[in-house]
Amino acid sequence: MIRIVIAEDQQMLLGAFGSLLNLEEDMEVVGKASNGEEAVALVRQQQPDVCIMDIEMPGKTGLEAAEELKGLNCKVIILTTFARTGYFQRALKAGVRGYLLKDSPSEELASSIRRVIEGKRIYAPELMDDVYSEENPLTDREKEVLELVADGKNTQEIAEQLSIKTGTVRNYISTILDKLDVKNRIEAIKQSKEKGWFK
């Protein structure tokens, strides 16, 4: 039996989600919360397998609650009306296993819960499009330099390969770090990989 806690500040929706999921033979709703603080307390008390969480809730938001629950055995699924890239990226950092939109068909919720329990991650396709359609701010030459850095080449080797001076390579790297708003080369490579900017 999959044990579930639901956190949703709109009482009608909270009741509807609870009833829907209790109809599933392999699911049981063991707690309902109307804000993030109640959700965290219920998860600690009931030790559910899954917590379905809205984002915009009074007191503590669903994202703050998810960040607090990170590291516990409970898998968090965000269920929200907000398809905002910033929210989604913060949810990913909090280790959220699912991010669904409320206008999805109701049967999708139960099947998503089962897939998350199996260890899969379920994210609304429109969010994935937003994340990956984010424009790469780097010029073609800067991309080329960063890809060579990612290949493990040092400043001297990059300069030789691109037939430019080492000082120019350093300038490119410093511009790349500024544009991506990162502290070092490793962070620049990581961010470009996460955003799908490498070829």
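Some notes on this structure:
- Candidates Asp103, Asp49 - the one that is acidic (Asp, Glu) and either touching a His at 6+ places or on another chain (Cβ under 8 Å) or within 13 Å of Ile4 (Cα to Cα) (or both): Asp49
- Long-range neighbours under 9 Å by Cβ, at least six apart or interchain, first residue under 11 Å from Ala110 (Cα atoms) within region 1-29, second hydroxyl-bearing (Ser, Thr, Tyr): Phe17/Ser106; Leu20/Ser106
- Failed criterion for Val169 (all others in (1) in a helix (DSSP H, G or I); (2) farther than 30 Å from Leu72 by Cβ; (3) open to solvent by 20 Å² or more (accessible area, probe 1.4 Å); (4) among the hydrophobic types (A, V, I, L, M, F, W, C) hold): (3)
- Remark: pairs (first residue in region 56-72, under 12 Å from Ala91 (Cβ atoms); second residue modelled with pLDDT of 90 or more and open to solvent by 70 Å² or more (accessible area, probe 1.4 Å); Cβ separation under 8 Å; 6+ apart in sequence or on different chains) = Gly62/Glu56; Ala65/Glu37.
- If the condition is being among the small types (Gly, Ala, Ser) and out of contact with any Leu (no Cβ under 8 Å at 6 or more places or on another chain), then region 60-97 contributes Gly62, Ala65, Ala66, Gly71, Gly86, Gly95.
Per-residue answers, yes or no, for (1) under 19 Å from the mean Cα position of the chain (by Cα); (2) closer than 24 Å to Arg3 by Cα:
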position: Arg90; (1), (2): yes, no
position: Ser111; (1), (2): no, yes
position: Lys120; (1), (2): yes, yes
position: Tyr123; (1), (2): yes, yes
position: Leu127; (1), (2): yes, no
position: Glu142; (1), (2): no, no
position: Glu147; (1), (2): no, no
position: Gly152; (1), (2): no, no
position: Val169; (1), (2): no, no
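- Counted residues, region 144-199 - those being among the polar types (S, T, N, Q) and touching a residue at least 60 places away in the same chain (Cβ under 8 Å): 0
- Enumeration of residues in region 1-39 that are open to solvent by 10 Å² or more (accessible area, probe 1.4 Å), closer than 15 Å to Leu63 by Cα and either touching a Leu at 6+ places or on another chain (Cβ under 9 Å) or assigned to a helix (DSSP H, G or I) (or both): Ser34, Glu37, Glu38
The values are calculated or read from the model by the stated rules, or taken from the named source; none is laboratory data. In this text the structure is predicted, and so the values were computed from the model without any measurement. A quick note on method: Cβ atoms are made from the backbone with ideal geometry, for glycine too, and the neighbour counts reach across all protein chains shown. Only protein heavy atoms, including side chains, enter the accessible area calculation; ligands, DNA and RNA are left aside. Shrake-Rupley method; radii C 1.70, N 1.55, O 1.52, S 1.80 Å.
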